[in-house]
Amino acid sequence: RKEVEQDPGPFNVPEGATVAFNCTYSNSASQSFFWYRQDCRKEPKLLMSVYSSGNEDGRFTAQLNRASQYISLLIRDSKLSDSATYLCAVNMDNQGGKLIFGQGTELSVKP
Amino acid sequence: GAGVSQSPRYKVAKRGQDVALRCDPISGHVSLFWYQQALGQGPEFLTYFQNEAQLDKSGLPSDRFFAERPEGSVSTLKIQRTQQEDSAVYLCASSLAGKVWTQYFGPGTRLLVL
């Protein structure tokens, strides 16, 4: 089993839809959690850190469920410009800055 | 300000050749990371430096892979005797001390081994 797993998609949704991505991690010692966005043939860019209490940034909401070992990303009112691959990343506190990434979930928002 | 830069952006190598990939981190960033990203996959950790010290090289796939950061700034990832399975995008990331998980990625070097 991979340490971090995501549904690869693609998720094809119309503009304005709400879409949710889940990411599961295998190591209960994981301490820090992130969502990155990666556009085609570009580098990953940090979208959000994920905190235990959940956090929101505009149309984006991230949640952490430690008991079930998953994190989620909710995108509301999706825009064409949200089309990208969304990567979750996990760090274990005793491994310095090493991030373990999922394989990414592709999102395509259609007009 | 300037972000992380990497060179070359594209590299085609014949199997068996040695390649060297360069990363210039954001000025003042203490931590530097190398990741390998295969097509359709997420980045996979290769190695991590704090200043000039290589603190973790657990992700380097074989002894053909070698990374250095001799002056604590620019880093070079060297791959000896390249194989076809080395074809991937090699991403470099840097971060500030104390914010090691907030990593800023460079555009990557696309390596194709024929």
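Just so it is clear, none of the values below were taken in a lab; they were calculated from the coordinates. Remember, predicted model here, so these are calculated numbers, not experimental data. All Cβ positions, even for glycine, are placed from backbone atoms using ideal geometry, and neighbour counts span all protein chains on display.
Among DSSP bridges having both ends in region B:3-114, what percentage is antiparallel? Round to the nearest 5.
Details: 33 of 37 bridges.
Here the share of antiparallel DSSP bridges comes out near 90 percent.
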Item to check | region B:44-114 - charge dipole about Cα centre, Lys and Arg +1 at Cβ, Asp and Glu -1, debye rounded to 20 | outcome: 100
Checklist outcome for this item: Under the 7 Å Cα-to-Cβ spin-label approximation, residue A:41 and residue A:79 lie apart by a distance in nanometres of 2.3
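Let's test the formula: R0 of 35 Å, r as the Cβ-Cβ distance of residue A:3 and residue B:68. What FRET efficiency results, to the nearest 0.05?
Numbers: r = 27 Å, r/R0 = 0.78.
Once the sixth-power term is evaluated, E becomes 0.80.
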Checklist entry - For the residue pair residue B:22 and residue B:53, what label-to-label distance in nm results when each label sits 7 Å from Cα along the Cα-to-beta-carbon direction? => result 2.8
Checklist entry - So which trypsin sites (Lys or Arg not before Pro) in region B:7-113 are both in a DSSP loop and have at most 16 other Cβ atoms within 10 Å of their Cβ? => result B:9, B:14, B:15, B:57, B:64, B:81, B:99
Checklist entry - Mind checking the dipole of chain A: about its Cα centre, +1 per Lys or Arg Cβ, -1 per Asp or Glu Cβ, Debye to the nearest 20? => result 120
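Can you tell me how region A:32-97 classifies by the Cα gyration tensor, rounded, prolate or oblate, using a/c under 1.5 as the rounded cut?
Working: a/c = 2.46, a/b = 1.31, b/c = 1.88.
Oblate.
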Item to check | the protein assembly as shown - charge dipole about Cα centre, Lys and Arg +1 at Cβ, Asp and Glu -1, debye rounded to 20 | outcome: 460
Item to check | Farthest toward positive dipole pole in chain B [+1 Lys/Arg, -1 Asp/Glu at C-beta], among B:95, B:37, B:73 | outcome: B:37
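Once fully extended, how much extra length lies between residue A:29 and residue A:69, figured as 0.36 nm per residue of separation less the alpha-carbon to alpha-carbon distance? Mind dumping the intermediate values first?
Numbers: separation 40, 0.36 × 40 = 14.40 nm, distance 1.00 nm.
Taking residue A:29 through residue A:69 to full extension adds about 13.4 nm, to one decimal.
Let me check I have the definition right: for the protein assembly as shown, take the eigenvalues of the Cα gyration tensor, multiply each by 5, take square roots. What are those semi-axes in whole Å, largest first? Can you show the working numbers first?
Details: eigenvalues 176, 80, 52 Å².
Its equivalent ellipsoid spans semi-axes of 30, 20, 16 Å.
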Item to check | DSSP-defined beta bridges in the protein assembly as shown - what % are antiparallel, rounded to 5 | outcome: 90
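Work out how much length residue B:85 to residue B:110 would gain on full extension: take 0.36 nm times their residue separation and subtract the Cα-Cα distance, in nm to one decimal. Before the final figure, lay out the partial values.
Details: separation 25, 0.36 × 25 = 9.00 nm, distance 1.29 nm.
Length difference between fully extended and current span is 7.7 nm.
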